[in-house]
Amino acid sequence: MQVHALVARLGVSDMTIRRDLDVLAKRGLLEKVYGGATSVVGRSTHEPGFEAKSVRALPQKEAVSARAASLIRPGTAIGISAGTTTWTFARFLEDVPELTVVTNSIRVADVLRSGGRTDRTVVLTGGVRTPSDALVGPVAVQTLRSLHLDMVFLGVHGMADGAGFTTPNINESETDRALVEAGRRLVVLADHTKWGVVGISTIAALDEADVLVTDDGLPRDAREILEARIDDVIIADVSADYPDSYPDSYPDSYPDAYPAAEGEA
């Protein structure tokens, strides 16, 4: 869309249009070109900035995050990928005791360190920073490949039949893949708006996830596809009143959600 066309259609000044385009470009919602701007939505490499994504489907992200947090037992070592869903998820871990967290997300690390818990260890990988505040590249990959985690919580850009769980950032895909391989169990956090979205690079196939936590906005046909490929699909009720903190007692279902590794009693 050209600036002059927007001026004519909206009846505002050229300066106003250019200022608004600057704001939208900084949010990752469009790309400025000579004389105007073009949409980036729908491109497999389109990666909005963190601030732009953080307000999308927020109630769904909170419901998904609360249900995912209930899978964690005290004293475990977990990995958390970068993204706005996992950043939301991290806020539900404040009261989890004796937790060790490895993450390539600056935002997630900031949330977990801000609580001041003395029984928590937070490890932030090094690497090159992306628009979603992820640390990626050889340094991050090398760090992750040396670790052995109990569970990995993965946020994704999109999920689709055939493409699996995807990201628009090739470098982030390699790092996320290393994180997935470091974990005994993979829990994917993806609200219903991620269904049918395909990024340029696949992180994992659908059937590589042990658990998918999504929300009740997921279409029935999508749910059937996912349940056929993933052992445990958890549907979070967006209207439910989820606690802001970790429970004082732990349900009997934890051992099933967290089985012993092969060779363990």
Self-check item: Verdict on A261 being out of contact with any Lys or Arg (no Cβ under 9 Å at 6 or more places or on another chain), among the aliphatic types (A, V, I, L, M), modelled with pLDDT under 95 and assigned to a loop (DSSP other than H, G, I, E, B)
Solution: no
Quiz item: From the list E98, E94, which residue is surrounded by fewer than 19 Cβ atoms within 10 Å (Cβ to Cβ), in the same structural domain as V238 (by TED's automatic domain parsing), of a type in the set (D, E) and at pLDDT 95 or above?
Solution: E98
Quiz item: Under 7 Å by Cβ, and 6 or more places apart or on different chains, what pairs join a residue from segment 189-215 that is touching a residue at least 12 places away in the same chain (Cβ under 8 Å) and in a helix (DSSP H, G or I) with one that is among the small types (G, A, S) and surrounded by fewer than 24 Cβ atoms within 10 Å (Cβ to Cβ)?
Solution: H192/G217; T193/A57; K194/G158; L206/G164
Quiz item: If you take just the helices (runs of 4 or more DSSP H) that sit entirely in segment 78-188, which of them hold at least 2 residues that are farther than 21 Å from A204 by Cα and over 16 Å from the mean Cα position of the chain (by Cα)?
Solution: 106-114
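The values are calculated or read from the model by the stated rules, or taken from the named source; none is laboratory data. Model, not experiment: these values are computed from the prediction. Cβ: placed from backbone, ideal geometry, glycine included. Neighbour counts: every protein chain shown.
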